[in-house]
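I have placed the structure first, in the form of structure tokens, so that the comments after it can refer back to it.
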Amino acid sequence: MGEENSDLLEWVTGNREDSYVGEVAIDIKCASIFVVPKILKGNDAIYNPQVISMGPYHFLKPYTAQMESEKSKIIARVVKDKLPADFFAPLQKIRQDGRLSDLEEDSFFKRVLHQGCRDCYGEAEFVQKLSEETFALMMFRDASFLLVFLANFVIDGENKRGLQHHGSGGGGGGPFRGLKSGEGLYLEVIKDVVKLENQIPLSSLESIYGFICDPKRRFGDFVAQICSYYSPFWFQSHYNKLLKDLQLDFATKAHLLHCLYEMTVNCEPCEGIVRGSYNKGWSTLIRWLKKHSLNLGLKKGGKKLQDPIRLYGSSVLPSAVKLSKAGVKFKHYEGGIKHIWFDWKNSTLYLPVLRIGILTETVIRNLIAFELCSSDCEAKPVTSFARLLEELTQGEKDVELLRRSEILVNWVGSDDKAARILTNLSSSTWKPYFKPVNSARSSLKNYYKRRTWKILWTEFLDAYCSKPWILISAIAASALLVMTALQVFCLFYTCNKNA
């Protein structure tokens, strides 16, 4: 690196302090990287970074200051070896004449300063107060650390583990050799990377990806592999197809959490897993008849009643164990939320394979926050799915049933602990609507109501016939009751005859 850039490198490596520290309200109306609404922040640790700050929302906050020195050391090792000598030259031009027009179109600082990177964070007073130099260097420092961390810890460690330990610690080598995973630092950084307020625009990451990471791996493949690591769903059987499908469309996404959201919702399942022999024609006809019968008959006071499928919170869905007693079978598939459905003919509910690990609650609740903030997400699939899980898993027996059906992969230990995680995913009282989930939910409720006698009989068998001694006691008690009744009858019959 040239000597003229030494002062810039001092800022990057943490030896130069910025003068601005403050708390300012943030306006998110034009942002693509949002601030989590206060109504969701029941547990700040789920949404606020605990160790490391990415981007301006938590820049120079006290709770992330401890990691800044370690971040600087890691970046310094990368900067010395991988960046070209003239990388910081654009910032020298900004210092001299304050113009951005002379910067190269594909340079990192051009993308950060001249292509709407600030607008990704909204019209925040805090962001606008940062000088162009400070903002650009902050974004460079955070983007560099993020790429180094993901490439050296998540991807390299994930390749060694074979996608087997979702959210668990791994062997971080290379630039991270000085940090100790036993202190929980790796885990906290992994959690902070996926939080909504800690996102960095993909365009900023892509512009320096070739300097920081292996150029042989395409950026789209890199993003897809990171998303598959963080995804709460299991995609191992068609992992290569998933990488190909996601990397083709990553350029339209704002940040890593946005890519993860698209994978969670829209990932296509493997062929032949979900839909078996099912007559779509009859299903369509039945739905049409139900719709028009509601339009014609269900009226009260001249006003049509609301579509019952949209009355999401009108009643609670029975738990997985109760549905199983009614005859419902559970089958898994590897795909996104939009493929959830209930096959009435085969009495089968199809659900995606969900991995319950130490990252599950953080990932899903930040996906819900992104979904609620984004104007592009009119339907709320992740929120609807979280509510469905909350109703299905009301106890450890429900988790055990879904785990044996290979729908849940429990990596947190006991089923009771997994049940507590699932019931905490959706803390909002707002009732979301997403057609596939709500249609399956409505069909399950109707199916359950039509099998009342079967449910009562199953509960009777479980209560009195599940163990031999209970059955013997019930038979003995019934025989004693019958004999007592006969004795009383014979006693009165004999008396009347003698009279």
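The values are calculated or read from the model by the stated rules, or taken from the named source; none is laboratory data. Keep in mind that this is a model prediction, so the values were computed, not measured. Here the Cβ positions follow ideal geometry from the backbone for every residue, glycine too, while neighbour counts run over all protein chains shown.
A compact table of results
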| read-out | value |
| --- | --- |
| Any hit, the stretch 418-431, residues being touching a Lys or Arg at 6+ places or on another chain (Cβ under 7 Å), at pLDDT below 90 and buried (at least 19 other Cβ atoms within 10 Å of the Cβ) | yes |
| Subset tally (residues that are surrounded by 24 or more Cβ atoms within 10 Å (Cβ to Cβ), of a type in the set (A, V, I, L, M) and over 20 Å from the mean Cα position of the chain (by Cα)) for the stretch 381-409 | 0 |
| Exclusive hit being without any contact (Cβ under 8 Å) to a residue 60 or more places away in the chain and hydroxyl-bearing (Ser, Thr, Tyr), set SER439, SER426, SER405 | SER426 |
| Restricting the stretch 182-191 to residues that are surrounded by fewer than 22 Cβ atoms within 10 Å (Cβ to Cβ) and in a helix (DSSP H, G or I), the residue that is modelled with the lowest pLDDT | GLY182 |
| Counted residues, the stretch 111-140 - those being at pLDDT 70 or above, more than 17 Å from HIS255 (Cα to Cα) and not hydrophobic (A, V, I, L, M, F, W, C) | 6 |
| Qualifying residues in the stretch 311-327 (those that are closer than 12 Å to LEU402 by Cα and over 24 Å from the mean Cα position of the chain (by Cα)) - the one surrounded by the most Cβ atoms within 10 Å (Cβ to Cβ) | LEU323 |
| Candidates ILE358, ILE340, filtered to the one that is of a type outside the set (Ser, Thr, Tyr) and either in the same structural domain as VAL189 (by TED's automatic domain parsing) or surrounded by 22 or more Cβ atoms within 10 Å (Cβ to Cβ) (or both) | ILE340 |
| Condition check for ASP398: without any contact (Cβ under 8 Å) to a residue 40 or more places away in the chain and either among the charged types (D, E, K, R) or farther than 14 Å from SER324 by Cα (or both) | no |
| Among (1) assigned by TED's automatic domain parsing to the domain that holds PHE140; (2) crowded, with 23+ Cβ neighbours inside 10 Å, the one test that VAL194 misses | (2) |
| Selection count where residues are within 20 Å of the chain's Cα centre (by Cα) and at positive phi, scope the stretch 182-229 | 0 |
| Tally of residues being among the β-branched types (Val, Ile, Thr) and closer than 25 Å to ASP416 by Cβ across the stretch 320-339 | 2 |
| Where a residue in the stretch 117-142 is within 27 Å of ALA76 (Cα to Cα) and part of a helix (DSSP H, G or I) and its partner, wherever it lies, is modelled with pLDDT under 75 and of a type in the set (Asp, Glu), with Cβ under 6 Å and at least six apart | THR134/ASP18 |
| Answer from LEU408, LEU402, LEU481, LEU422 - the residue that is of a type outside the set (Ser, Thr, Tyr) and outside the structural domain of LEU367 (by TED's automatic domain parsing) | LEU481 |
| Breaking point among (1) of a type in the set (Phe, Trp, Tyr); (2) over 28 Å from the mean Cα position of the chain (by Cα); (3) modelled with pLDDT of 70 or more, for PHE59 | (2) |
| Enumeration of residues in the stretch 66-103 that are closer than 23 Å to ASN152 by Cβ, of a type in the set (A, V, I, L, M, F, W, C) and at pLDDT 70 or above | MET67, ILE74, ILE75, ALA76, VAL78, LEU83, PHE87 |
| Test result for VAL412, touching a helix residue (DSSP H, G or I) at 6+ places or on another chain (Cβ under 9 Å) and closer than 20 Å to TYR350 by Cα | no |
